[in-house]
1. Which value, in Å³ per residue, describes the convex hull spanned by the Cα atoms of the stretch 21-89?
2. Note the full-extension length gain between V49 and K148 as 0.36 nm times their separation in residues minus their Cα-Cα distance, in nm to one decimal.
3. Working with all protein chains in place, sort I163, I265 by solvent-accessible area computed with a 1.4 Å probe, largest first.
4. For the chain, set up a GNM with springs between Cα atoms under 10 Å and report which of G203, G129, G214 has the largest fluctuation.
5. Quick one: give the max-minus-min coordinate of the C-alpha atoms of the stretch 59-189 along each principal axis, largest first, in Å.
6. Give the Debye-formula value of log10 I(q)/I(0) at each listed q (0.09 Å⁻¹), with one equal scatterer per alpha carbon of the stretch 21-326, two decimals each.
7. What's the tally of Lys pairs in the stretch 62-218 whose alpha-carbon atoms lie under 16 angstrom apart, where the two lysines are 8 or more places apart or on different chains?
8. Relative to the present Cα-Cα distance, how much length would full extension add between V99 and D194 at 0.36 nm per residue of separation?
Amino acid sequence: MNNCGVEPIGSTFAKVSTLNSIDLSSPDVEKNVFLLKQACFDSGFFYVVNHGIAQDFMDEVFTQSRNFFNLPLKDKMNLLRNEKHRGYTPMLDELLDPVNQVHGDFKEGYYIGVEVPEDDPEAEKPFYGPNLWPSEELVPGWRTTMEKFHQQALDVARAVARIIALALDLDADFFDKPEMLGKPIATLRLLHYDGEKSDPSNGIYGAGAHSDYGLITLLATDDVMGLQICRDRDTNTQTWEYVEPLKGAFVVNLGDMLERWSNCIFKSTLHRVLVNGQERYSIAYFVEPSHDCIVECLPTCTSESNPPRFPPILCHTYLSQRYGDTHVNLSTYNSSNKT
């Protein structure tokens, strides 16, 4: 554990949470289903270990992430995110908790989606299209590394989704359907927190309190503590707990779409990032179903006494609403920012 991780930040002090670990190499499927279901009822967060992505390669992804974020701002702004949510997001671009934050998050990021060629008819849809890539001269080997990680992380996500399906009394391959994770909106997001110290009492956060939008999120972190979760979001007094970085593991959390699918049996958990003055890097992989998937209450999650709580909604409609609510409008970045 990083010994700076549990210091009070501003007026906030949080304990370290205890999370279940799901071992993807284990032949004991029933145990994994039990541990996952327990985690989903409890915190909505759990570790995934022995997921098949080599540690040496994970280290390379972090190295390449640092290489990009160490570039001059001018070079990064030349790759500013587009309307397809591909590319660079500057500091303060994202505002996740407008009620409590005085400005956007003190983090910068980079979005990489599933690659869809520009001449493919699918590229006309809001969250599909070609990625933005830094040149090979600017960051050698970057695209190759990120494309490989994107595919490997998707394999991990699909394996986790099969356990989730079993935990919801569905067939293991329920989320493998073409309209779900057969053609997903899967987004790799590299994140860098520059060390600006968080101060919740004054509305300053590395990342404001929020829940994720989709099915699940896989998160790999460096060894700097920062992620906090809140198990009691609906109470007047919220208690925050740190999630300890675990070498070689993904921290996995449930998203809002899974909450809708499960009729709130599994809940999407509020979380945030507090920065203690140290730089911090993390790699998030957000997994949503296909663009045209209808997210509606699962048949195993409703009954006469527990009717569906949410109306059906198209995946891309829901995502567009959430991205629009939390990101700076691209029109605010004038052309001088990119030159």
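The values are calculated or read from the model by the stated rules, or taken from the named source; none is laboratory data. Just so it is clear, the structure is predicted and the values come from calculations on it, not from any experiment. Backbone-built Cβ (ideal geometry, glycine too); neighbour counts: all protein chains shown. What goes into the accessible areas is simple: the full protein's heavy atoms, side chains included, and nothing from ligands, DNA or RNA. Shrake-Rupley method; radii C 1.70, N 1.55, O 1.52, S 1.80 Å.
1. Hull volume normalised by residue count: 139 Å³.
2. That pair, V49 and K148, stretches by 33.7 nm at full extension.
3. Largest accessible area first, the list is I265, I163.
4. Highest fluctuation among the options: G203.
5. Principal axes ranked by extent give 49, 40, 34 Å for the Cα atoms.
6. -0.43
7. Taking the Cα cut-off of 16 Å, the pair count is 4.
8. Stretched fully, the V99-D194 segment lengthens by 31.9 nm.
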